[in-house]
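To start, the structure itself, in structure tokens.
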Amino acid sequence: MRKLYAVPLGLVGAGAATFGYASLIERNWFRLRRFEVPVLPPGRPSVKILHISDAHLTPGRRRLIHWVRSLDALDPDLVVNTGDSISHRDAIGPFLDALGPLLDRPGVFVFGSNDLYSPIFKNPLRYVWRTSRRDYARRRREPDLPYRELASSLQAAGWLDLNNRIGRLKVGELDIEFGGIDDSHINRDRYDKIAGPVDPQADVHLAVMHSPEPRNLDRFVADGYDLLLAGHTHGGQVCVPFYGALATNCGIDRPRAKGLHRHNGAWLHVSAGLGTSPKAPMRFCCPPEASLLTLVPRQ
């Protein structure tokens, strides 16, 4: 009888231990990733970009808030936030507290779906064979999170709202042109509003979006953008050792669910993100992260 129950009890114990590690340890095991990206004209000075994404912040996540504040010590020249910053109607204050001194630096942002819609429980196994995009079309009509207040607060600090907009900033000695779109995952992207060739007078051209949908990536590259920045995927969130992400929840392929890659001649950086939905509070083999991208001259 003991042998009969030994295997199932062992599996239950292993499952509980894995869930505990994924939800209590790895979910709070924040990492900084560093990359050099050769996109600047020869002779131009390097610039440091802090790329943050997918905080999914709720008021009680003190470790996340303190860790994000500490990133100001990296002395970034520019902060890029690719969305899904909040997951609770009372999270704007804590999110601004997390940014803290970073708000005094040049910054740009776009929205993700969870800046507008509060999270609901979904069967996580569904992400293996389909994305959650249709859930918004079927069930979610009116936004229930204060995304306009979030935008106003970031704009008050001087950050550029790039939701379906073109923008420009002087960052150090560099003239940077931006093109951004709202979240394609909920059909708010309007690329036609920003379509057209980049300005060749700018030193570098950055594309900013939440979800790295290939159809939008292709259009950004065709218009001449040098570096494409996105989030949304959570790097797969639950990954398999030596295999990687099981799903990306969008059109990007699994091997490019996070990190720095090439896309049709441009550079693409996809952030694995800082947080998780409160309805799926775990990460496995995919720690939460921010990235410091150092733009350097092309060889």
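The values are calculated or read from the model by the stated rules, or taken from the named source; none is laboratory data. Please read these numbers as outputs of a predicted model, since none were measured by experiment. Positions of Cβ are backbone-derived with ideal geometry, glycine not excepted, and every protein chain shown enters the neighbour counts. Quick note on the areas: whole protein, heavy atoms, side chains included, nothing else; ligands and nucleic acids left out. Shrake-Rupley method; radii C 1.70, N 1.55, O 1.52, S 1.80 Å.
Would you point out which residue out of Pro255, Pro278, Pro287 is outside any strand (DSSP E or B), in contact with a strand residue (DSSP E or B) (Cβ under 6 Å, 6 or more places away or on another chain) and either free of Cβ contacts under 8 Å to residues at least 24 places away in the same chain or open to solvent by 20 Å² or more (accessible area, probe 1.4 Å) (or both)?
Pro287
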Residue count, region 67-100 (criterion: assigned to a strand (DSSP E or B) and more than 15 Å from Thr276 (Cα to Cα)): 4
Selection from region 56-67 of residues that are buried (at least 17 other Cβ atoms within 10 Å of the Cβ) and of a type in the set (D, E, K, R): Arg61
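Among the listed residues Ser70, Ser53, Ser46, identify the single one that is of a type in the set (S, T, N, Q) and open to solvent by less than 40 Å² (accessible area, probe 1.4 Å).
Step by step, each of Ser70, Ser53, Ser46 is checked, and only Ser53 is of a type in the set (S, T, N, Q) and open to solvent by less than 40 Å² (accessible area, probe 1.4 Å).
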When residues of region 75-87 are limited to those that are under 22 Å from His234 (Cβ atoms) and among the aliphatic types (A, V, I, L, M), the one surrounded by the most Cβ atoms within 10 Å (Cβ to Cβ): Val80
Residue list for region 258-275, restricted to those being buried (at least 18 other Cβ atoms within 10 Å of the Cβ) and within 26 Å of Ile25 (Cα to Cα): Lys258, His269, Val270, Ser271, Ala272, Gly273, Leu274, Gly275
Some residue of region 13-30 being surrounded by 13 or more Cβ atoms within 10 Å (Cβ to Cβ) and modelled with pLDDT of 95 or more: yes
Wholly enclosed strands (runs of 3 or more DSSP E) of region 150-208 bearing at least 2 residues within 17 Å of the chain's Cα centre (by Cα), buried (at least 17 other Cβ atoms within 10 Å of the Cβ) and of a type in the set (A, V, I, L, M): 204-208
Near pairs, Cβ below 9 angstrom, 6+ apart or cross-chain, from region 149-171 (farther than 15 Å from Leu99 by Cα) to any residue that is of a type in the set (S, T, N, Q): Asp161/Gln155
Answer from Val270, Val171, Val198, Val204 - the residue that is β-branched (Val, Ile, Thr) and farther than 19 Å from Arg298 by Cβ: Val270
Matching residues, region 217-231, being within 16 Å of Leu162 (Cβ to Cβ) and either more than 16 Å from the chain's Cα centre (by Cα) or part of a loop (DSSP other than H, G, I, E, B) (or both): Arg219, Phe220, Asp223, Tyr225, Asp226, Gly231
